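Have a look at the structure below before the remarks.
The values are calculated or read from the model by the stated rules, or taken from the named source; none is laboratory data. A quick note: this is a predicted structure, and the numbers were derived from the prediction, not measured. Note that each Cβ is placed from the backbone with ideal geometry, even for glycine, and that neighbours are counted across all protein chains shown.
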Amino acid sequence: MITGIIITALFAVVCLRGLEKRLKPKRRGFAKIHTAAGIALVAVAILHIVLTFPLLRTRPVSVLISGMLCLSCILACFVSGLRKQFKAHRLLALCACVFIVLHVVFDITAFIDYKNQVKNISIHNVGISQIADGVYTGECDVTFIYAKVAVTVRSGEIVDVAILEHRNERGGAAERIAVDVLKQQSLAVDAVSGATNSSVVIKKAIENALAP
């Protein structure tokens with residue numbers, strides 16, 4: 001998210017104060033904005049947590065832990081700076097830097113893995129006419145997106161597709177695909193524009209529900 005990029009940029013500005021002090025002790029360019037940048041960093045970090053809170057269930061544990069450790073170090077670093085505990089301040093800044101890097105690496109790795117999982121999903125049509133009457137549940141999980149459905153079959157036809165759970169970021173529109181599957185009695189329906197990945201995951205959940 002954009003707040004994550006802003007956090008990284010602000011943290012770089014804050015850290016430049018330490019480098020400036022060591023490389024060019026007489027210069028105080030970054031010293032003038034160090035405190036202001038630190039306050040902005042804390043504010044944006046908290047905002048980042050608030051904005052990403054709804055997504056916690058769609059992120060790997062490594063991303064969550066590194067993010068929380070990063071936030072903790074940023075807050076502790078800010079407090080130690082206010083108390084003029086400079087040794088602790090520098091150590092916490094270093095820890096925050098490490099956790100920011102880990103958080104970014106884990107997040108990018110998780111995103112690449114998620115894209116590959118979606119890419120490798122194959123949708124196969126199911127012989128609905130051969131399925132006994134009943135309600136069948138199925139799910140599909142690619143970490144960033146999760147769908148669970150209940151499919152009702154009666155007299156060799158799908159009579160209802162209920163989406164029990166759909167965790168996503170911006171793919172809510174894909175839930176319309178359940179109606180398309182019901183109308184066409186087939187999984188060979190087009191993905192919803194702007195929600196392709198969620199469409200694939202929902203269709204795979206329906207297939208998993210009906211697969212023998």
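Annotations for the structure displayed:
- Under the condition of being surrounded by 15 or more Cβ atoms within 10 Å (Cβ to Cβ) and within 23 Å of residue 168 (Cα to Cα), the residues counted in region 56-94 number 8.
- Qualifying residues in region 71-94 (those that are touching a residue at least 24 places away in the same chain (Cβ under 8 Å) and out of contact with any Leu (no Cβ under 8 Å at 6 or more places or on another chain)) - the one nearest to residue 7 (Cα to Cα): 71
- Tally, over region 158-212, of residues that are over 18 Å from residue 144 (Cα atoms) and of a type in the set (Lys, Arg): 2
- Here the condition is being at pLDDT 95 or above and within 18 Å of the chain's Cα centre (by Cα); of 201, 151, 135, it holds for 201 alone.
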